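**Q** This is the structure I want to talk about, given as structure tokens.
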Amino acid sequence: MDQNKEWLIEMRLKKAVEKLKSHEFEAIYVKTKEDAAKEIWKYIHPKQRIGVGGSHTIRELRILDQLEAKGYILYDHWKPGLSKEEVLEVRKSQMTSDLFLSSVNAVTLNGELVNIDFAGNRTNATTYGPGKVILVAGYNKIVEDVQEAIKRIKNVTAPLRARDLNMDVPCAKLGKCVDCNSPNRICRVVMIHERRPFLTDILIIMVGEELGY
Ligand code: SF4
């Protein structure tokens, strides 16, 4: 990457990390996704039940296969072949997992987390329940403020996510949000973490690479 770009990205990520810390989150900056995976492994302990949010970022770290091969119980509702009932159970189990791994839709430079969710399992698991939550975010998730976060999520994240999941919603065709009333609307819950929820233990890993949507 161009050195100047790298410098700017690092500055912004470090600023977000400092702000997140001042809001009672644990937060760190790492350069690469491999570094992020190494950080996560520090929190993996024997016999943990690990919840996984619907997150491309986490999958890009390539640790889920390794966890499964080592015999960890993974609550991953994107696992192929699950029935509707199993998906529902897996989503519920994420909320009481020992460790919940996910990404976040946007991190503001003021140290807030912004997520827009479809079913609510991801947002729920980041407010109460799991023993520890680790959220990984690439530099592309950094925004100025909450307003920009919502705009970005609805006009960039949601259209890409909808296309990826083959969801029949207007933004998947138009490439922008039209605040639809589609029965498949994926934007149903907007959650802003202004500070760490009181009974949670959340680590946010900010990565100097583009990850997820
Ligand atoms: S409200 Fe509808 S059109 Fe807008 S981003 Fe969400 S799913 Fe897409």
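**Q** Quick check on the range 52-194: of the DSSP beta bridges with both residues there, what percent are antiparallel, nearest 5%? List each step's numbers first, then the result.
**A** On the way: 7 of 16 bridges.
That works out to approximately 45 percent antiparallel.
**Q** Using a 1.4 Å probe on the protein heavy atoms, what percent of the accessible area of the range 59-208 belongs to carbon and sulfur?
**A** Details: 3730 of 7360 Å².
Using a 1.4 Å probe with all protein chains present, the range 59-208 comes out at 51 percent carbon and sulfur.
**Q** Over the range 109-150, with the other protein chains present, what is the accessible area per residue in square angstrom, probe 1.4 angstrom? Please list the in-between numbers first.
**A** Details: 1330 Å² over 42 residues.
In whole numbers, the range 109-150 has 32 Å² accessible per residue.
**Q** OK, next. Give, to the nearest whole percent, the P(r) tail of the range 96-213 beyond 26 angstrom, counting all Cα pairs.
**A** Values: 1256 of 6903 pairs.
The share of Cα pairs beyond 26 Å in the range 96-213 comes to 18 percent.
**Q** I need to check one value: relative contact order of the range 26-77, counting alpha carbon pairs closer than 8 Å and at least 6 residues apart, in percent.
**A** Working: 34 pairs, mean separation 22.9, N = 52.
It rounds to 44 percent for the range 26-77.
**Q** What is the range 69-163's relative contact order, in percent, from Cα pairs under 8 angstrom and six or more apart in sequence?
**A** Values: 113 pairs, mean separation 27.5, N = 95.
Worked out over the range 69-163, it gives 29 percent.
**Q** State the Cα centre-to-centre distance between the range 106-164 and the range 20-52 in whole Å.
**A** For the range 106-164 versus the range 20-52, the Cα centre distance is 16 Å.
**Q** Over the chain, what is the mean sequence separation of C-alpha contacts under 8 Å (at least six apart), divided by residue count, expressed as relative contact order in percent?
**A** RCO, the chain: 29 percent.
**Q** Let's test the formula: R0 of 41 Å, r as the Cβ-Cβ distance of Glu194 and Lys70. What FRET efficiency results, to the nearest 0.05? Don't jump to the answer; show the numbers that get you there.
**A** Working: r = 37 Å, r/R0 = 0.89.
In this case the efficiency is close to 0.65.
**Q** Per-residue accessible area for Leu64 at 1.4 Å probe radius, Å² rounded to 10?
**A** For Leu64, the solvent-accessible surface is approximately 20 Å².
**Q** So which chymotrypsin sites (Phe, Trp or Tyr not before Pro) in the range 98-207 end up in coil per DSSP with only 14 or fewer other C-beta atoms within 10 Å?
**A** Numbers: sites: Phe100, Phe118, Tyr128, Tyr139, Phe198; in loops: Phe118, Tyr128, Phe198.
Taking the range 98-207 and a limit of 14 other Cβ atoms within 10 Å, the loop chymotrypsin sites (Phe, Trp or Tyr not before Pro) found are Tyr128, Phe198.
**Q** Counting each pair of different Cα atoms once, what's the Kirkwood radius of the chain in Å, rounded to one decimal? Don't skip to the end; give the middle numbers.
**A** Values: mean 1/r = 0.0573 Å⁻¹.
Roughly 17.5 Å, rounded to one decimal.
**Q** Using a Förster distance of 35 angstrom, determine the FRET efficiency expected from the C-beta separation of Ser83 and Cys180, and round it to 0.05.
**A** In this case the efficiency is close to 0.80.
**Q** Now for a different question. In straight Cα distance, which lysines are under 20 Å from Lys84, not counting same-chain residues fewer than 8 positions off?
**A** Lys92
**Q** Taking N as the number of residues in the range 1-100, what value does Rg over Cα atoms divided by 2.2 N^0.38 Å take? Spell out each step's value before the answer.
**A** Details: Rg = 16.4 Å, N = 100, 2.2 N^0.38 = 12.7 Å.
In units of the globular-protein estimate, the range 1-100 measures up at 1.29.
The values are calculated or read from the model by the stated rules, or taken from the named source; none is laboratory data. What you see is a predicted model, and the numbers here were worked out from it, not measured in a lab. Here Cβ is always computed from backbone atoms with ideal geometry, including for glycine, and neighbour counts include all displayed protein chains. Just the protein is used for accessible areas: all its heavy atoms, side chains included, with ligands, DNA and RNA removed. Shrake-Rupley method; radii C 1.70, N 1.55, O 1.52, S 1.80 Å.
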